[in-house]
Amino acid sequence: MRAIGRGIGTSGAALALLGALSACGGGNFRPVSDMPVRIGKPYTVRGTTYVPADQPGYDLVGYASWYGSESGNRTANGERFRPGWITAAHTSLPLPAYVEVTALDTGRTILVRINDRGPFSRGRIIDLSRGAAEELGIRGQGHAAVRVRAVDPSEKDRKKLRKGKPAEGRPRVGADELAVLRARLAASGNDAGR
């Protein structure tokens, strides 16, 4: 009886070890989490230095692009990049951060989770995942004029985004506000990002 019990214990330990090792086979990606929030050190890409910072009042107009061919790569946050998820890359916001992105052509607004660094192309202020670009309705364009605004969403929306799902729908921005945002874009000099 004792030998059988010991054999089961050894088998159980072997199964536990096998399970632990199989979990490691995914490339040591960080689990999707909102903690810890990382600001990060300044870094330089192609001669431009970026300084990550907590920016609670961040509200900028410019151009968004999207990316998706990096499927499975590690994001700057250490998570696995999943192109269908509603995520984005930003040069300086904390990782993770949450922003509302509004398409200035349509007024459509979505909530996005920032978990990567970029874009490093002149005139771009955010690089959306393919899933986020589809949700915003700009995937076919390649790039689009947008407003990016830092927000503090509900835990319900955070949880959805951490699982790759879209957050609750946001109201469309009205024509008057869109006109103001387009004027801000023209005055900002970011209009060259087309």
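The values are calculated or read from the model by the stated rules, or taken from the named source; none is laboratory data. Since the model is a prediction, treat every value here as computed from it, not as a measurement. Don't worry about glycine lacking a Cβ; one is built from the backbone with ideal geometry, like all the others, and counts go over all protein chains shown.
Here are a few things to note about the model shown:
For (1) within 27 Å of residue 115 (Cβ to Cβ); (2) without any contact (Cβ under 8 Å) to a residue 40 or more places away in the chain; (3) of a type in the set (Asp, Glu), each residue gets a yes or a no:
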| site | (1), (2), (3) |
| --- | --- |
| 140 | yes, yes, no |
| 146 | yes, no, no |
| 149 | yes, no, no |
| 156 | yes, yes, no |
| 159 | yes, yes, no |
| 165 | yes, no, no |
| 183 | no, yes, no |
| 190 | yes, no, no |
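- Residue pairs meeting the criteria (Cβ under 8 Å; at least 6 apart or on separate chains; first under 22 Å from residue 120 (Cβ atoms), in the range 28-43; second modelled with pLDDT of 75 or more and surrounded by fewer than 12 Cβ atoms within 10 Å (Cβ to Cβ)): 42/49; 42/51; 43/49
- Boolean, residue 86 is in contact with a Pro (Cβ under 9 Å, 6 or more places away or on another chain), among the β-branched types (Val, Ile, Thr), touching a residue at least 60 places away in the same chain (Cβ under 8 Å) and closer than 20 Å to residue 158 by Cα: yes
- Within the range 55-113, considering residues that are touching a helix residue (DSSP H, G or I) at 6+ places or on another chain (Cβ under 7 Å) and in a loop (DSSP other than H, G, I, E, B), the one modelled with the lowest pLDDT: 68
- The range 129-166, residues that are in contact with a Pro (Cβ under 6 Å, 6 or more places away or on another chain) and over 17 Å from residue 95 (Cα atoms): 130, 135
- Test: residue in the range 91-107 that is charged (D, E, K, R) and touching a Phe, Trp or Tyr at 6+ places or on another chain (Cβ under 7 Å): no
- Test result for residue 31, surrounded by fewer than 10 Cβ atoms within 10 Å (Cβ to Cβ), under 15 Å from the mean Cα position of the chain (by Cα) and modelled with pLDDT under 95: yes
- Search result, residues across the range 83-101 that are in contact with a Gly (Cβ under 6 Å, 6 or more places away or on another chain) and not hydrophobic (A, V, I, L, M, F, W, C): 83, 84
Okay, residues lined up against (1) within 16 Å of the chain's Cα centre (by Cα); (2) closer than 28 Å to residue 47 by Cα; (3) among the charged types (D, E, K, R):
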residue	(1), (2), (3)
89	yes, yes, no
103	no, no, no
111	yes, no, no
116	yes, yes, yes
121	no, yes, no
141	no, no, no
148	yes, yes, no
160	yes, no, yes
165	yes, no, yes
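- Top-ranked residue in the range 77-109 [being small (Gly, Ala, Ser) and out of contact with any strand residue (DSSP E or B) (no Cβ under 7 Å at 6 or more places or on another chain); ranked as nearest to residue 186 (Cα to Cα)]: 107
- Extreme residue, nearest to residue 37 (Cα to Cα), among residues of the range 110-161 that are surrounded by 19 or more Cβ atoms within 10 Å (Cβ to Cβ) and β-branched (Val, Ile, Thr): 114
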